[in-house]
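Scroll down for the structure; my scribbles are underneath it.
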């Protein structure tokens, strides 16, 4: 907390002028950002250990009820080529076609 104590005694105008002199230009929002930092409002700082400990993907407990399931499906090469040739969103369109077939009873067990 010593760094926070140092921030409280900070001369914002002096620091802003020094930063802008170094940058060679006025920096929009600089004084506001310095004031927020002085007040203790700043982003979280993460250590390398915290960053390395992060897990990829959606955080636990945030799984959507209608989440898609990854699977492997083998289809003929010409069929896949035709589907992909239809452009971006082809997986969503394939899902819609399969859903419609299920709803019509064409894929019932």
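The values are calculated or read from the model by the stated rules, or taken from the named source; none is laboratory data. Keep in mind that what you see is a predicted model, and the values were worked out from it rather than measured. FYI the Cβ positions are ideal-geometry reconstructions off the backbone, even for glycines, and counts take in every protein chain you see.
Here are the numbers for this structure:
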item: Members of region 32-70 found to be closer than 30 Å to residue 11 by Cβ and either in contact (Cβ under 8 Å) with a residue 60 or more places away in the chain or not in a helix (DSSP H, G or I) (or both), listed by number; result: 39, 40, 41, 42, 43, 44, 45, 46, 47
item: Selected residue (criterion: surrounded by the fewest Cβ atoms within 10 Å (Cβ to Cβ)) from residues of region 83-101 that are over 18 Å from residue 71 (Cβ atoms) and more than 27 Å from the chain's Cα centre (by Cα); result: 85
item: Breaking point among (1) at pLDDT below 90; (2) surrounded by fewer than 10 Cβ atoms within 10 Å (Cβ to Cβ), for residue 21; result: (1)
